[in-house]
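Visitor: For reference, the structure I am asking about is given below.
The values are calculated or read from the model by the stated rules, or taken from the named source; none is laboratory data. All of these numbers come straight from a predicted model, not from anything done at the bench. Here the Cβ positions follow ideal geometry from the backbone for every residue, glycine too, while neighbour counts run over all protein chains shown.
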């Protein structure tokens, strides 16, 4: 009986843990957004602390913020240099994220991801389909050349969400 309870607790704790992180599979980014509990904060406090986090995290916060809806949502855009490596070529990763607020929780929703090769020739930003990851897979397995995309995209998003959450609880 006791071992059964322990196994059930491990399953549920693992399930709740995996739902609080992004992953990338053949169906695209999963989940589409994260809703994180922050019970001790009001909607206004979450909004204000998000603005403070943006100012503390980004070199040019005024360029990072794309749109604001007072006390409801903030949309940001950022670039991670040389985030993805494919065959000794490096790619920038550009992200647009919407952070929205309700009393005691916030939602962290990636809106778009784009990549661009780090080159002296500007090849432009290429969109990554967040709702379909099939182009990164063949016969159900990750294509070797796209393995970095499948790994790095959720890593960057999870790092941003962790940074934001840690900022919230540290103050």
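Visitor: Determine which single condition residue 56 fails, assuming it passes every other condition in (1) under 30 Å from residue 40 (Cβ atoms); (2) without any contact (Cβ under 8 Å) to a residue 60 or more places away in the chain.
Guide: Answer for residue 56: the failing condition is (2).
Visitor: Of (1) at pLDDT 95 or above; (2) assigned to a helix (DSSP H, G or I); (3) out of contact with any helix residue (DSSP H, G or I) (no Cβ under 9 Å at 6 or more places or on another chain), residue 49 satisfies all except one. Which?
Guide: (3)
Visitor: Filter region 17-46 for residues that are assigned to a helix (DSSP H, G or I) and touching a strand residue (DSSP E or B) at 6+ places or on another chain (Cβ under 6 Å); which is surrounded by the fewest Cβ atoms within 10 Å (Cβ to Cβ)?
Guide: If we take residues in region 17-46 being assigned to a helix (DSSP H, G or I) and touching a strand residue (DSSP E or B) at 6+ places or on another chain (Cβ under 6 Å), then 43 is surrounded by the fewest Cβ atoms within 10 Å (Cβ to Cβ).
Visitor: Give me the residue from region 79-95 that is outside any loop (DSSP other than H, G, I, E, B) and touching a residue at least 40 places away in the same chain (Cβ under 8 Å) and, out of that set, nearest to residue 46 (Cα to Cα).
Guide: Out of the qualifying residues, it is 95.
Here's the yes/no breakdown for (1) out of contact with any helix residue (DSSP H, G or I) (no Cβ under 6 Å at 6 or more places or on another chain); (2) over 18 Å from residue 77 (Cβ atoms):
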residue: 110; (1), (2): no, no
residue: 127; (1), (2): yes, no
residue: 133; (1), (2): yes, yes
residue: 137; (1), (2): yes, yes
residue: 147; (1), (2): yes, yes
residue: 150; (1), (2): no, yes
residue: 163; (1), (2): yes, no
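Visitor: Pick from 116, 120: which is touching a strand residue (DSSP E or B) at 6+ places or on another chain (Cβ under 6 Å), surrounded by fewer than 19 Cβ atoms within 10 Å (Cβ to Cβ) and either without any contact (Cβ under 8 Å) to a residue 12 or more places away in the chain or under 14 Å from residue 80 (Cβ atoms) (or both)?
Guide: 116
Visitor: Could you check region 144-171 and list, in sequence order, the residues that are more than 19 Å from the chain's Cα centre (by Cα) and either assigned to a helix (DSSP H, G or I) or closer than 20 Å to residue 82 by Cα (or both)?
Guide: Residues satisfying the conditions are 144, 145, 170.
Visitor: Take residue 99 and decide whether it is under 21 Å from residue 126 (Cβ atoms), touching a strand residue (DSSP E or B) at 6+ places or on another chain (Cβ under 9 Å) and surrounded by 15 or more Cβ atoms within 10 Å (Cβ to Cβ).
Guide: In short, no.
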